[in-house]
Amino acid sequence: MNPERRAIVSIVAAVSVLVVVTAIILIFGVIPLPDFPSLTEQSDPSIPGTIAYVVHDRASCIYTVPASGGQPAEVWCGQYADVPGWTSDGLLVVTDYFAEPVYVLIDPATGSEVDRVRIGTGSDGGPEPYPYDLRRQRPDGAVVFTDWKGDGASTVRVRFADGTERAILTVENAPRDYNFSDAQWSPDGSRLLISDSAGRLIVAKAEGEANPRVVVRDQETWAYNAAWYIPGNDTYTVDVPGR
């Protein structure tokens, strides 16, 4: 086959592939991710507090972002840190497992370490690791959980103390592997912080219209690896001995 004919055959083959791919897209469609408004683009001053979250890359770095929306700020990085929290007086707490389990107390304004406190079992005099799943239960007994059927449908639900349930946020006809991966309460119990499989943290109202909005995107973090702090509200704060 001469070079000119070979070039023509290659072009025809490439065009054929493009036509087939285009036809598949037109016939079966491309299912987009659920689209939620961004608090970064339009903040909401009525949402109180600050959200801290951990991103694992080459190190474990903790970021903070206003719950009302804004640009995330990197505060501190460690070898292997997880399960962030806050003290009642507004210090960040990160559980660092690199050498031995310790609480690292961090000034969120400067990123400087204030203290390191060894984590024990409780019975040996050291504090127990903070159980992050406590944030899934509101003080009145209402528990938030996620429900995923694996077919592009995912729901965030609340089960109240009397056994009744309410769907807070539901998506349908999403990509088959899309899901809400975890959720927790805000300290005042009025909102939920929800993570999804697209690497987003979403703030939604717990009552009335959910009005979901993205406060963090493309960070591959999860709600269990985040902590919400509202000054003056000690719900879900971490008690560290000596503070």
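The values are calculated or read from the model by the stated rules, or taken from the named source; none is laboratory data. On a predicted model such as this, the values are computed, not experimentally measured, just so you know. Positions of Cβ are generated from backbone atoms using ideal geometry, with glycine treated the same way; all protein chains shown enter the neighbour counts. Only protein heavy atoms, including side chains, enter the accessible area calculation; ligands, DNA and RNA are left aside. Shrake-Rupley method; radii C 1.70, N 1.55, O 1.52, S 1.80 Å.
The table below lists the values:
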item	result
Segment residue 114-residue 167, extension gain: residue separation times 0.36 nm, minus the distance between their alpha carbons	14.9 nm
Sulfur and carbon atoms: percent of accessible area, segment 66-171 [1.4 Å]	49 percent
Point-charge dipole on Cβ atoms (K/R +1, D/E -1) for segment 195-243, about Cα centre, debye to 20	120 debye
Added length on full extension, which subtracts the Cα-Cα distance from 0.36 nm per residue, residue 218 to residue 148	23.1 nm
Area projected by the alpha carbon convex hull of segment 40-81, averaged over all directions, nm²	3.1 nm²
Kirkwood hydrodynamic radius of segment 90-243, Cα pairs, Å	17.0 Å
Net +/- balance of residues flanking residue 165 in space, Cβ distance below 11 Å, scoring K and R +1, D and E -1	+1
Within-13-Å neighbourhood charge of residue 177 [Cβ basis; K, R +1; D, E -1]	0
Dimensions (Å) - segment 56-102, Cα atoms, principal axes, largest first	35, 27, 12
